[in-house]
Amino acid sequence: MPKDGQRESAVHSPRQGLCGERAAASSAVISAVRVPRHSVLTIFVLAILSGCASYHPRVLVPSVTAAAFQARSLDNPKLRTFLAHYGRPPKHWPKRHWGLDDLALVALYESPELAAQRAHWAVARAGVITAGQRPNPRISFLSQHHSIAPGGVLPWTFGFSFDVPIETAGKRGDRIQQALDLASAARFQVGETVWQVRARVRQQFLDLFAAIEQIKALKAETAVRSRMLELISQRFSVGESATFEVNSAQLALQQTQMALAAAKADAASVRATLAEALGLPVGAIADTHFDFTGIDRLPALQQLSTRTLERVALLHRLDIRRALAQYAAAEDTLKLEIAKQYPNINLGPGYEWEEGDNRWSLSLLSLTLPLLNQNQGPIAVAKARVTEESARFAALQAQVIGQVSQAVVGYRGAVQTLHTAQNLFTTQMKHQHMLDQRFAAGAIGSVAMLGGHLASLVAAQDRLAALYRAQQALGTMENALQRPFTEHLSFKPALHEKSPSGRERARA
């Protein structure tokens, strides 16, 4: 039984591709007509063969691709080069701390979903090559046998005809422009995927921050409640507290311990989800240290009006630009279908040889008469498609405007809630400081002082929850604009962003 490589060779070796078939056919024709291999014919055959592509199988082995995925890590030297290319060269490698911007670049480098969209864009770009191809001329070889021929005269007539198709009415230009617009739409789809990947990374990064901070707060609360239970139990042992107080303290401690266990499980789950968003196996970030610096700084949008933000979204959102490209492609399709009303022209020179007589012929005009139809059906479909794309664009614009308005209102409300939580936390910290001073002076007992610490921990958790909601609202705002914010009144350039072409600016 042959091995895999032998079997693959046995399967593919007889199939030499279209070029092999063309070469065999050309040789058969030359042998059949028994004419000399003139230099013109030889050059013609070689010209055909020179542009041929050959097929090379690329076997897709799931076990190999899975192993390659599991081998991904944050220590990849190529990843370091990629970070430096985008203006974030690490001072130390392997990098010690990873912030949001760095992780967004990691996802841009590793994301399988983004790789699939890039491949789709490559297909669309290849469509431009297809659209620009001119129709190939055709050559036909003919022979005739004469049943009645003088003695000693070859009873055959040999010849060939050469058909040259010529496209009219600018069909090729319309076809190329249609393919270019479809390629632009695919490029914008890549940009949309870049943004979606970044948005997922940002959300999981925020979730991981909240989970880590929640674990810290619950650990502190567990320590305080354990100390309170110990003090209340001591008081109960000497008859200074009731059974109800001991049971309440015990129940509160158990609830806090359960919440801490759940928070640890949630943090592990969030870390795994973050690894998926980055396009990495979970083991690649198991021991990674994350930099959450600046996560509590939020941009103040009071000086930016909703109308200004709407304009930013309508000018820069990639789904808007993709919809414009799709509309332009629909218009190009309509132009192409209208141009198809006009028939193409075929020029057909020919040659025949009979008994030493060379006879040339030239068909000046051969075309299809548009008598039974004038391409009305495809034209009607193309017109309907233009109307459909126009309606979709208008609906998308309205949706974007609504998303921006809702995001602005939600963000400003979340920031106001965060300010309230921050003020309450500051007030509680002052109260706790006062209780600590009174405890040091002997004015209050340990349980009262620890109660103040519990109240401060609750205020801190409320502040954390408000910060999380504000950051979520900021993420919703950035998604509505498809542009990241800095902590100041400015936008950061998006990773996918490129200057729009002249045609896009004209359409916008």
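Assorted remarks:
- Applying a threshold of 9 Å to beta carbon distances and a minimum spacing of six or more residues, or different chains, the list of pairs starting in segment 373-399 at a residue that is on the phi < 0 side of the Ramachandran plot and touching a residue at least 40 places away in the same chain (Cβ under 8 Å) and ending at one that is outside any helix (DSSP H, G or I) and open to solvent by 70 Å² or more (accessible area, probe 1.4 Å) reads Pro378/Lys340; Ile379/Lys340.
- Here Val106 fulfils each of the conditions (1) within 21 Å of Leu278 (Cα to Cα); (2) touching a Gly at 6+ places or on another chain (Cβ under 8 Å); (3) open to solvent by 60 Å² or more (accessible area, probe 1.4 Å) apart from (3).
- If the condition is being of a type in the set (Phe, Trp, Tyr) and open to solvent by less than 80 Å² (accessible area, probe 1.4 Å), then segment 147-162 contributes Phe158, Phe160, Phe162.
- Considering the conditions (1) modelled with pLDDT of 95 or more; (2) surrounded by fewer than 17 Cβ atoms within 10 Å (Cβ to Cβ), Ala169 is excluded by exactly one of them, (1).
- Filter pass, Leu274 being over 26 Å from Arg198 (Cβ atoms) and in a helix (DSSP H, G or I): no
- Scan segment 231-271 for residues that are of a type in the set (A, V, I, L, M) and assigned to a loop (DSSP other than H, G, I, E, B) and the total you get is 2.
- Residues satisfying the stated conditions in segment 288-322, i.e. touching a Leu at 6+ places or on another chain (Cβ under 8 Å), of a type in the set (Gly, Ala, Ser) and farther than 13 Å from Glu478 by Cβ: Ala300
- Of the residues in segment 283-299, none is touching a residue at least 60 places away in the same chain (Cβ under 8 Å), out of contact with any Gly (no Cβ under 7 Å at 6 or more places or on another chain), within 30 Å of Phe162 (Cα to Cα) and not small (Gly, Ala, Ser).
- Test: Arg72 is over 30 Å from Leu142 (Cβ atoms), modelled with pLDDT of 90 or more and in contact with a Leu (Cβ under 6 Å, 6 or more places away or on another chain): yes
- Residue selected from segment 315-353 under the condition in contact with a helix residue (DSSP H, G or I) (Cβ under 8 Å, 6 or more places away or on another chain) and over 30 Å from Pro378 (Cβ atoms), by the criterion most open to solvent (accessible area, probe 1.4 Å): His316
- If the condition is being open to solvent by less than 50 Å² (accessible area, probe 1.4 Å) and out of contact with any Lys or Arg (no Cβ under 7 Å at 6 or more places or on another chain), then segment 116-131 contributes Gln117, Ala122, Ala124, Ala126, Gly127, Val128.
- Filter result (out of contact with any Ser or Thr (no Cβ under 9 Å at 6 or more places or on another chain) and closer than 30 Å to Asp174 by Cβ) within segment 134-164: Arg134, Pro135, Asn136, Pro137, Val164
- Options Gln471, Gln437, Gln416; residue that is modelled with pLDDT of 95 or more and either under 24 Å from Leu100 (Cβ atoms) or surrounded by fewer than 19 Cβ atoms within 10 Å (Cβ to Cβ) (or both): Gln471
- Restricting attention to segment 86-136, the residues that are charged (D, E, K, R), assigned to a loop (DSSP other than H, G, I, E, B) and free of Cβ contacts under 8 Å to residues at least 60 places away in the same chain total 4.
- Only one entry in Ala71, Ala115, Ala104 is hydrophobic (A, V, I, L, M, F, W, C) and over 20 Å from the mean Cα position of the chain (by Cα), namely Ala71.
- Residues that are of a type in the set (A, V, I, L, M, F, W, C), within 29 Å of Gln399 (Cα to Cα) and surrounded by fewer than 13 Cβ atoms within 10 Å (Cβ to Cβ), drawn from segment 286-314: Ala300
The values are calculated or read from the model by the stated rules, or taken from the named source; none is laboratory data. Remember, it's a predicted structure, so these values are computed and weren't measured experimentally. Cβ coordinates were reconstructed from backbone atoms using ideal geometry, including for glycine residues, and neighbour counts include every protein chain displayed. Quick note on the areas: whole protein, heavy atoms, side chains included, nothing else; ligands and nucleic acids left out. Shrake-Rupley method; radii C 1.70, N 1.55, O 1.52, S 1.80 Å.
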